[in-house]
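The values are calculated or read from the model by the stated rules, or taken from the named source; none is laboratory data. Please read these numbers as outputs of a predicted model, since none were measured by experiment. Cβ coordinates were reconstructed from backbone atoms using ideal geometry, including for glycine residues, and neighbour counts include every protein chain displayed.
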Amino acid sequence: MDRLLAIHNVFNSPVTVSAFAVDAFGNTSPAQNLDFTIQNQLVSQSWTSHLCWPSSGNCSNVTPWQPVTTGIANEAAIHLRGTVTYTAQQGLQASDFWLQVASGNNIYYCGTDATTVDCYPSLTLLPNGSRSYSNYAGAQIDGISQRGKGSEQADVQWTLTYPQ
């Protein structure tokens, strides 16, 4: 009998698994569905940054990458959410802010021209023991100025949540 196993990293949620059997002659049984709920213990890490656009000597539009410090036992799905509060804006046509997460050589960006980001990145955090690098998170703001003279300042708060 052949066996097929598909593993997907999913965040806490209801899941339906469908299974069927195939014999040596290629006969296939009807699929059987099983519903269950993924409910892992969740860990959250939060950060706050004051950002400026354009960047100046003492205020950048991008945070330095912030390390994910709480242990990761298994490859972990991610929930990334945050808010931006603009404290000063002048001469801008538009503003946007971004949250990002990095694991290994992969980076995922969630962005909006609104004030709230809430996303489930398609990359996963890798376990602590499987790597010689770290998992990171960060934030940034960007503006589109009118006649090249725009500026803005903002406070960004964001949280990265994942199963431990």
Pairs with Cβ under 8 Å, 6+ apart, first in region 78-104 and free of Cβ contacts under 8 Å to residues at least 40 places away in the same chain and polar (S, T, N, Q), second surrounded by fewer than 19 Cβ atoms within 10 Å (Cβ to Cβ) and in a loop (DSSP other than H, G, I, E, B): Ser103/Leu123; Ser103/Leu126
Region 135-156: number of residues that are under 12 Å from Trp98 (Cβ atoms) and of a type outside the set (S, T, N, Q): 7
Tally of residues being out of contact with any strand residue (DSSP E or B) (no Cβ under 6 Å at 6 or more places or on another chain), among the polar types (S, T, N, Q) and not in a strand (DSSP E or B) across region 67-118: 3
Filter result for Pro64 (exposed (fewer than 13 other Cβ atoms within 10 Å of the Cβ), on the phi < 0 side of the Ramachandran plot, in contact (Cβ under 8 Å) with a residue 40 or more places away in the chain and assigned to a loop (DSSP other than H, G, I, E, B)): yes
Top-ranked residue in region 134-158 [being polar (S, T, N, Q) and outside any strand (DSSP E or B); ranked as modelled with the lowest pLDDT]: Ser134
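For region 26-61, what are the residues that are more than 23 Å from Thr161 (Cα to Cα), assigned to a loop (DSSP other than H, G, I, E, B) and either out of contact with any Leu (no Cβ under 9 Å at 6 or more places or on another chain) or β-branched (Val, Ile, Thr) (or both)? Reasoning before the result, please.
Taking region 26-61 and keeping what is more than 23 Å from Thr161 (Cα to Cα), we get 26-35, 52-61.
Imposing the further condition that a residue be assigned to a loop (DSSP other than H, G, I, E, B) reduces the set to 26-27, 29-31, 54-55, 57-58, 60-61.
Those that are more than 23 Å from Thr161 (Cα to Cα), assigned to a loop (DSSP other than H, G, I, E, B) and either out of contact with any Leu (no Cβ under 9 Å at 6 or more places or on another chain) or β-branched (Val, Ile, Thr) (or both): Gly26, Asn27, Ser29, Pro30, Ala31, Pro54, Ser55, Gly57, Asn58.
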Selected residue (criterion: surrounded by the most Cβ atoms within 10 Å (Cβ to Cβ)) from residues of region 30-54 that are touching a residue at least 24 places away in the same chain (Cβ under 8 Å) and among the hydrophobic types (A, V, I, L, M, F, W, C): Trp53
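Quickly run through region 18-55 and pick out the residues that are aliphatic (A, V, I, L, M) and more than 25 Å from the chain's Cα centre (by Cα).
Taking region 18-55 first, the residues aliphatic (A, V, I, L, M) are 19, 21-22, 24, 31, 34, 38, 42-43, 51.
The answer is Ala19, Ala21, Val22, Ala24, Ala31, Leu34.
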